[in-house]
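Working notes, beginning with the structure itself.
The values are calculated or read from the model by the stated rules, or taken from the named source; none is laboratory data. Because the structure is predicted, anything quoted here is derived from the model rather than measured. Please note: Cβ atoms are built from the backbone with ideal geometry, for glycine as well, and neighbour counts cover all protein chains shown. Remember, those area values only see protein heavy atoms, side chains included, never the ligands or the DNA or RNA. Shrake-Rupley method; radii C 1.70, N 1.55, O 1.52, S 1.80 Å.
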Amino acid sequence: MRKSRADRMRAKLKEVKGELWRMMHLPIPEQGKRLWQVLSGWLAYHAVPTNFRALQMFRDQVTKRWRRSLSRRSQRGGVTWERMRKIADEWLPRPRILHPWPRTRFAVKHPR
């Protein structure tokens, strides 16, 4: 089975957390555009077969951290999970497998 390394995932989530801290006071659309770029790049690199659970977990963790960042912008209360799901569905890409199995990829380049 092919899956993402946990230490690299934690490192990237730590970077995302710092990025969210820096752009905490920006409007949600600006934050969403930046997170779309980060998340789509990470998903594109790690979108190999048998790795879907790690892709989904990474998106969930980014959503969780974004919700916490948005909740800390005001003293009036946090962002509910229902609202956060709508925001995440609008601004964060859904994970999907983009790369074929290695054997399939090899057969295309070297037919026998």
request  = Multiply the residue separation of Lys33 and Ser71 by 0.36 nm, subtract the distance between their alpha-carbon atoms, and state the gained length in nm to one decimal.
outcome  = 11.8 nm
query = So if we plug the beta-carbon distance of Met1 and Ser40 into 1/(1 + (r/R0)^6) with R0 = 30 Å, what FRET efficiency do we get, rounded to 0.05?
reply = 0.80
task = Please work out the average accessible area per residue across the chain, using the 1.4 Å probe convention, and give it in Å².
result = 74
message = If I model the chain as equal point scatterers sitting on the Cα atoms and use the Debye formula, what is log10 I(q)/I(0) at q = 0.24 Å⁻¹?
response = -1.36
key: Relative packing of peptides 70-79, 54-63 - highest average C-beta neighbours within 10 Å first   = 54-63, 70-79
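Run the accessible area of the chain with a 1.4 Å probe and give the carbon-and-sulfur part as a rounded percent. Each step should come with its number before you reach the end.
Values: 4380 of 8230 Å².
That share works out to 53 percent.
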message = Which of the three applies to the stretch 17-76, rounded, prolate or oblate, going by the alpha-carbon gyration tensor with a ≥ b ≥ c and a/c under 1.5 meaning rounded?
response = prolate
Positive-pole candidate from Val38, Gln56, Gly78, dipole of the chain, charges at beta carbon = Gln56
